[in-house]
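Let me begin by presenting the structure, written as structure tokens, before commenting on it.
Bear in mind these aren't lab numbers, they're just calculated from the coordinates by the rules spelled out. This is a predicted model, so every value here is computed, not measured. Every residue, glycine among them, receives a Cβ derived from its backbone with ideal geometry; neighbour counts consider all protein chains shown.
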Amino acid sequence: MLKFYYHPLSPLSRRVWLTLLEKQIPFETQEINLMGEQFQPEFLALNPFHHVPVIEDGDVRLIESFAIMDYLDAAYPAVKMTPSRPVALGQMRTIQMIVANELVPTIVAAVRAEGDFTQANARFDQMRIALKFLGEQLADRPFMTGETFTLADIVAGAAVPLFQRLGVALGEYGSLEAWQQRLSDRPTWQATHPQDADFERWQRYVKTMVKRQLKN
């Protein structure tokens with residue numbers, strides 16, 4: 001059976017977790033304690049870059065969430081989540097990259113803001129531009145690339161709710177809030193949704209990591 005190494009509060013892990021659940025792939029989990037277990041020799045043998053997620057599927061071992069998602073969609077094709085139309089495929093890849101390269105890097109600033117986004121901050125500007133882009137991409141469509149749920153919705157849908165919980169008003173970005181609510185109603189989102197206590201623990205973890213980096 002496929003083995004999934006993850007942490008339930010990791011947004012990158014959640015991408016793969018949602019993909020596994022949406023595609024109804026049987027798997028077993030191995031939770032990695034990110035307060036140090038990722039640096040242990042056993043885990044470094046799986047991923048020398050000490051990040052989750054990782055999967056093992058028979059003799060296949062993969063790291064990096066996007067690579068894992070692509071593999072899962074190709075290896076388990078019963079439920080396809082990669083568009084066949086070139087335009088939709090290009091849109092999906094664009095959304096994945098915008099989330100990874102523009103939106104996710106602003107999470108730390110959003111956590112440290114503690115709900116106050118009024119101050120001048122380049123990261124806040126970057127966050128707003130990324131959310132505006134996603135809202136414009138969505139327009140009045142049900143999903144990010146059109147009528148069909150794809151990996152783009154998983155990648156964006158694993159990140160955008162974090163910002164809403166951190167106090168960002170999604171209603172300012174077109175139909176992004178309604179889209180986010182539709183995803184939240186899906187059983188897979190509910191199954192992977194961090195409870196309030198866990199979310200607060202994740203916020204403390206992020207702040208702790210920032211303090212450690214500043215000391216170094």
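Computed from label points 7 Å out along Cα-Cβ, the spacing between Phe39 and Val108 is 1.6 nm. Sparse packing (at most 16 other Cβ atoms within 10 Å of the Cβ) combined with a DSSP loop state is found for the following GluC sites (Glu not before Pro) in the stretch 141-186: Glu147. If eta is 0.890 mPa s and T is 25 °C, what Stokes-Einstein diffusion coefficient results for the stretch 2-85, Kirkwood Rh from Cα pairs, in µm²/s? For the chosen part, D equals 188 µm²/s. Note on the stretch 137-216: Rg/Rh from C-alpha atoms, Kirkwood Rh, equals 1.06. Computed on the stretch 94-197, the Cα convex hull volume stands at 94 Å³ per residue. If you wrap the Cα atoms of the chain in a convex hull and average its projected area over all directions, you get 12.4 nm². A Cβ-based charge dipole, computed about the Cα centre of the chain with Lys and Arg at +1 and Asp and Glu at -1, lands at about 460 debye.
Karplus-derived 3J(HN,Hα) values for the stretch 42-49, using 6.51 cos²θ - 1.76 cosθ + 1.60 with θ = phi - 60°, are 4, 7, 4, 5, 7, 9, x, 8 Hz; glycine and proline are entered as x. Normalised by the number of residues in the stretch 116-173, the mean separation of alpha-carbon contacts (under 8 Å, six or more apart) gives a relative contact order of 29 percent. Neighbours of Tyr76, meaning other residues whose beta-carbon lies under 12 angstrom from its beta-carbon, give a summed charge of -2 when Lys and Arg score +1 and Asp and Glu score -1. Think of it as helices only: each DSSP H run of n ≥ 4 in the chain is worth -39500 (n - 2.57), and spread over all residues that comes to -16000 deg cm²/dmol at 222 nm. A simple spin-label model places the labels of Glu172 and Asp198 2.9 nm from each other, with each point 7 Å out along Cα-to-Cβ.
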